[in-house]
Structures are given as C-alpha cells and as structure tokens.
Amino acid sequence: MSACVALRFLATALRAKGVVEIGTGAGVSGLYLLRGMAPDGVLTSIDIEPEHQRAARRAFTDADVPAGRTRLIMGRALDVLPRLTDGGYDLVFVDAAKPEYPHYYEEGVRLLRPGGVIAFDDALWQGRVADPARRDPETSALREVARAVREDDRLVPALLPVGDGLLVAAKADS
C-alpha cells in the first residue's frame, strides 16, 4: 500500500471536510485526499514553489475536481499556517521541507479539531531515522517530530509502514 492510498483511507474514515496539505508537489497526494474527502470538502494546499502549484492545478483540472474544492496557497507554510483557523480541520498532511517538520507539527495540531489526524510523510526517511549515526538536519527533524508526537498527551500516534513511513496521530477529545 502506498502512502497516498493510506491518505485516501484516512480522509474517508474521518469523513473529512477540511484538509490542509503542507507541500503541494504535483498534486498527486492532493488527488488521493480529495477522493477520500466528503463531496463538499475543501483541500487547502500550501507550497512555496509556483511550478508545484501550477502542476497541481493542472492535475486537479484534468481529474475534473471542481475549482471550489481546492484552495491553493502559494507561500511559505510557516507564514500561511498561523492565518488558518484553530480547530477548523479534520486532517493535516505534511510533506514539505523536513527541517521545518517540528514547526509544522505545532501548527498542525493547533489546526486540528478533536478527533482530527495529523500525518507526516517520510517518517522513516529511507531508514535514516533509525540509524543513530545519521545527524543531518532532515533526519534530526524527523526524529524530533516522532519524539514530540509520541510524548504529546493530546495525541494518539501510530507509525504506518507505507511508502517511506507515515507517522499519524489523532488529536484526542479535549
């Protein structure tokens, strides 16, 4: 199973109406999220690269996704996320600059409604996270997020062995 299939499953299980995607890429994961979301659900996807936004818009158009179901925001996620509504989202998916994952974690949890899920792609990082000799910024950030999620009493975490690892955590009811 791929991480994208797992994302579609999560969006379906949550009956997601509001999803934030940090790191638009070419729109592939966004399409899987949209396919799992409620028919009136809206995907908010953030990316700093204009080429990624164009590719995603094209992918969404080619897949006949109504324009009102997507909100593509070009900008640095750390600048955009604080402007999004606290507790307003069912699912937050993070697949962007790995060194910024710890900051995305804090913002992502804030955005989730109780029962919502945050998901981090590349949680195993090609086996590097488990290798204590690896100390590069990306690997260190992924370890930091895994530790923070595991120790956060507001969250119920799991590491799914799909793709390159999908770290998921449900926000417990307050």
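Looking only at segment 125-138, decide whether some residue is without any contact (Cβ under 8 Å) to a residue 40 or more places away in the chain, in contact with a Leu (Cβ under 6 Å, 6 or more places away or on another chain) and assigned to a loop (DSSP other than H, G, I, E, B).
Looking for residues that are without any contact (Cβ under 8 Å) to a residue 40 or more places away in the chain, in contact with a Leu (Cβ under 6 Å, 6 or more places away or on another chain) and assigned to a loop (DSSP other than H, G, I, E, B), one finds at least one in segment 125-138, hence yes.
Using the structure shown, decide if Asp79 is part of a helix (DSSP H, G or I) and over 10 Å from Thr24 (Cα atoms).
Spelling it out, Asp79 is indeed part of a helix (DSSP H, G or I) and over 10 Å from Thr24 (Cα atoms).
Could you tell me whether Val65 is crowded, with 17+ Cβ neighbours inside 10 Å and touching a residue at least 40 places away in the same chain (Cβ under 8 Å)?
no
For segment 130-160, give me the residue count where each residue is surrounded by 14 or more Cβ atoms within 10 Å (Cβ to Cβ) and either closer than 14 Å to His103 by Cα or over 19 Å from the mean Cα position of the chain (by Cα) (or both).
Looking only at that region, the number is 11.
Run Gly163 past the list (1) at pLDDT 95 or above; (2) part of a loop (DSSP other than H, G, I, E, B) and report the number of the one that doesn't hold.
(1)
Pick out the one residue from Gly30, Gly25 that is touching an Asp or Glu at 6+ places or on another chain (Cβ under 8 Å), surrounded by 13 or more Cβ atoms within 10 Å (Cβ to Cβ), outside any loop (DSSP other than H, G, I, E, B) and small (Gly, Ala, Ser).
None of the others qualify; the one that does is Gly30.
Which residues, taken from segment 94-109, are touching a Gly at 6+ places or on another chain (Cβ under 8 Å) and under 22 Å from Ala13 (Cβ atoms)?
Within segment 94-109, Val94, Asp95 qualify.
In segment 71-84, which residues are touching a residue at least 24 places away in the same chain (Cβ under 8 Å) and either surrounded by fewer than 16 Cβ atoms within 10 Å (Cβ to Cβ) or more than 15 Å from the chain's Cα centre (by Cα) (or both)?
Across segment 71-84, the qualifying residues are Arg71, Met74, Gly75, Arg76, Pro82.
The values are calculated or read from the model by the stated rules, or taken from the named source; none is laboratory data. Because the structure is a prediction, the values reported are computed rather than measured. Cβ atoms come from the backbone with ideal geometry, glycine included; neighbour counts cover every protein chain shown.
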